Amino acid sequence: MAEKIKIIGPGKLDALGWKKIGKSFLITVGGAAIGFVLSLLGAIDYGNFQSVAITFLPFVSNFLYKLLGKYESK
């Protein structure tokens with residue numbers, strides 16, 4: 001039997017959409033927190049690349065989450 005696909009229109013979110021947004025937000029905050037703690041401890045110095053590093057830390061944390069964890073793909 002074919003799997004039903006639920007289409008959500010623009011401007012609306014279902015429970016799964018809110019869950020994905022929340023999870024993405026937590027990953028973003030986690031990546032920013034790791035960067036902040038490393039900077040605070042002096043383990044890393046961003047120098048002139050601070051804005052670039054802040055932009056890419058959430059991407060790196062999300063990438064590592066997907067690489068090291070399990071997820072479903074349809």
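The values are calculated or read from the model by the stated rules, or taken from the named source; none is laboratory data. Nothing here was measured: the structure is a model prediction, and the numbers come from that model. No Cβ is skipped: glycine too gets one built from the backbone with ideal geometry, and neighbour counts run over all protein chains shown.
Taking the stretch 27-62 as the search range and keeping residues that are closer than 22 Å to L16 by Cβ and at pLDDT 80 or above, which one is surrounded by the fewest Cβ atoms within 10 Å (Cβ to Cβ)?
To start, the set of residues in the stretch 27-62 that are closer than 22 Å to L16 by Cβ comprises 27-30, 58, 61-62.
Then drop every residue that is not at pLDDT 80 or above, which leaves 27-30.
Details: I27: 18, T28: 15, V29: 12, G30: 15.
Top of the filtered list is V29.
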Flag for K70 being at pLDDT below 80 and of a type in the set (K, R): yes
Which of the numbered conditions does G17 fail, given that it passes all the others? Conditions: (1) under 16 Å from the mean Cα position of the chain (by Cα); (2) farther than 17 Å from V60 by Cα; (3) at pLDDT 80 or above; (4) not hydrophobic (A, V, I, L, M, F, W, C). (3)
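Which of the residues spanning the stretch 38-52 are in a helix (DSSP H, G or I), of a type in the set (A, V, I, L, M, F, W, C) and more than 22 Å from K66 (Cβ to Cβ)?
L40, F49
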Please work out which residue is farthest from Y65 (Cα to Cα), limiting yourself to the stretch 1-26 and to residues that are part of a helix (DSSP H, G or I) and of a type in the set (K, R). K19
